[in-house]
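The values are calculated or read from the model by the stated rules, or taken from the named source; none is laboratory data. Remember, it's a predicted structure, so these values are computed and weren't measured experimentally. Note that we place each Cβ from the backbone using ideal geometry, even for glycine, and neighbour counts take in every protein chain shown. Keep in mind that these areas ignore ligands, DNA and RNA; they rest on the heavy atoms of the full protein, side chains included. Shrake-Rupley method; radii C 1.70, N 1.55, O 1.52, S 1.80 Å.
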Amino acid sequence: MSSESFSASGLSVGLARIASYAVACLVHLLGPTFLVVGVYLLFRMTIFAFFLGVVALGLAWLVRPRVPHFPADIQPLTREDAPNLYALLDRIGTGVGAPRVDTVALGGMVNAAFGTYGWRRRRLVMIGYPLWLILTPQERIAVLAHEMAHSSNGDARHGLFVGSALHSLRELREVTRFDWHENDGLANLFAQALLALAGLPVRVLIFALELLLHRSSQRAEYRADELGARVAGSRAMASMLDVLTTRLPSAENFLEPSAVVLGASDLWNKLQASVAAVPDEELERRRQAAREEKTRVDATHPPTYLRMERVRQLPYVEGEVGAAEVEKVQPELEQAAYRVAETIRDATRSALYR
């Protein structure tokens, strides 16, 4: 890429970032605006103004600033519960330039994530135990390093100003989601339709923010891959990304609500056996499909095969943290993993017999 095109690309990303802050500012101003208008209308002392004032105050409450809460259905691990895990994360954090993690939690998702929760912006690393199980020790370092790098790679989605605006809009989208069933009646249908109509501006703002953040989010993913490769090694980072394309779908399919999940006395061993049983021909077919269809983990991620190609070109072959440090972590996860398995079974039972 020429220096001119690189500069133009950087300029467009910079302008989009500025625009995203402008949209986030608009979102944050909606609450105070509705509040002032609502109070003003209430003091007009007419029935119509009073009604509009109540509506405005309701809107002020709906668009109030929100921050993520601690997610449900995940199992927190304290530093006392898992000293080796926290020591590993501290070592990885130093390598990627990330601040110290406040909380680690284990969950049943086939994923891993970094985020914050609460007004104090406590830093949280979520480890999906199904994903953890299908990775090698060095790949586990890679996925942890990638997620922790998101706290230091300039991704606006994880920032307080833009991140909280986007979170508030997503919460509001859920509140205004059309949720009507055949037996709910016509009155409820009308109310749900009005609610969904009122939510259209919310969806427009979410679309605008995500569109503006699209390029910078993709750059942030590449940057997180690079920082993670320094710690885990480029080979481990590339093979971890390959797992996302090849073995992750099998883990997701296994965990779909079924009698197999409900009746598994040792859920995790059955999961590992199911994923290991996928033939090499099927794994290669999935790799080829990913290259042809340009599949993505989600809209904020570049195509995985492009990320793998980029990572393989990095000079960090071995990385700074070795697999031996991961081996000490596994015993600390066993009790929380048992509770996660029970949560998955409960969810499966609800899905099958509700």
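Checking residue 138 against (1) surrounded by 18 or more Cβ atoms within 10 Å (Cβ to Cβ); (2) not in a helix (DSSP H, G or I), which test does it fail?
Evaluating residue 138 over (1) surrounded by 18 or more Cβ atoms within 10 Å (Cβ to Cβ); (2) not in a helix (DSSP H, G or I) leaves (2) as the failure.
Residue 148: surrounded by fewer than 21 Cβ atoms within 10 Å (Cβ to Cβ), among the aliphatic types (A, V, I, L, M), in contact (Cβ under 8 Å) with a residue 24 or more places away in the chain and in contact with a Gly (Cβ under 7 Å, 6 or more places away or on another chain), yes or no? Show your work before the answer.
Values: surrounded by fewer than 21 Cβ atoms within 10 Å (Cβ to Cβ): no; among the aliphatic types (A, V, I, L, M): yes; in contact (Cβ under 8 Å) with a residue 24 or more places away in the chain: yes; in contact with a Gly (Cβ under 7 Å, 6 or more places away or on another chain): yes.
No.
How many residues, within segment 270-289, are touching a helix residue (DSSP H, G or I) at 6+ places or on another chain (Cβ under 9 Å) and polar (S, T, N, Q)?
2
Is it true that some residue in segment 54-65 is open to solvent by less than 70 Å² (accessible area, probe 1.4 Å), more than 19 Å from the chain's Cα centre (by Cα), modelled with pLDDT of 90 or more and among the hydrophobic types (A, V, I, L, M, F, W, C)?
yes
Let me spell it out: the conditions are (1) within 20 Å of residue 136 (Cα to Cα); (2) at pLDDT 90 or above; (3) open to solvent by 80 Å² or more (accessible area, probe 1.4 Å), and residue 315 meets all of them except one. Which number is the exception?
Among (1) within 20 Å of residue 136 (Cα to Cα); (2) at pLDDT 90 or above; (3) open to solvent by 80 Å² or more (accessible area, probe 1.4 Å), residue 315 violates only (1).
Which residue, of 250, 274, 265, is of a type in the set (Ser, Thr, Tyr), surrounded by fewer than 15 Cβ atoms within 10 Å (Cβ to Cβ) and either part of a loop (DSSP other than H, G, I, E, B) or at pLDDT 85 or above (or both)?
Step by step, each of 250, 274, 265 is checked, and only 265 is of a type in the set (Ser, Thr, Tyr), surrounded by fewer than 15 Cβ atoms within 10 Å (Cβ to Cβ) and either part of a loop (DSSP other than H, G, I, E, B) or at pLDDT 85 or above (or both).
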